[in-house]
Amino acid sequence: MILELTEAGERALTAAQPEIDRFNAELRAVLGDDGFGQAAQALRRLAYWEG
């Protein structure tokens, strides 16, 4: 299944991108590159989990 954003959703995501980038930078600073990568992989597995 593929979900697509509405135009309003796309605008909201674009507007939120600087905050998302800031959050990711802060999280990377706390976890380090390896920890950040592991966390990203775990979240990706959860996103596609079909349990």
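Look at the stretch 1-29 and say how many of its residues are more than 15 Å from the chain's Cα centre (by Cα) and either among the polar types (S, T, N, Q) or over 21 Å from Ala47 (Cα atoms) (or both).
Selection size over the stretch 1-29: 5.
Could you check Trp49 against (1) over 15 Å from the mean Cα position of the chain (by Cα); (2) open to solvent by less than 100 Å² (accessible area, probe 1.4 Å); (3) of a type outside the set (Asp, Glu) and say which number it fails?
So Trp49 meets the others, but not (2).
Please verify whether Leu43 is assigned to a helix (DSSP H, G or I), among the aliphatic types (A, V, I, L, M) and open to solvent by 80 Å² or more (accessible area, probe 1.4 Å), treating the condition exactly as stated.
Considered against the rule, which asks whether it is assigned to a helix (DSSP H, G or I), among the aliphatic types (A, V, I, L, M) and open to solvent by 80 Å² or more (accessible area, probe 1.4 Å), Leu43 comes out as yes.
Filter the stretch 30-40 for residues that are open to solvent by less than 100 Å² (accessible area, probe 1.4 Å) and more than 13 Å from the chain's Cα centre (by Cα) and give the result.
Leu31, Gly32, Gly35, listed by residue number.
The values are calculated or read from the model by the stated rules, or taken from the named source; none is laboratory data. Just so we're clear, the structure is a prediction, and the values are computed from it rather than from any experiment. Side chains included, ligands, DNA and RNA excluded: accessible areas come from the protein's heavy atoms. Shrake-Rupley method; radii C 1.70, N 1.55, O 1.52, S 1.80 Å.
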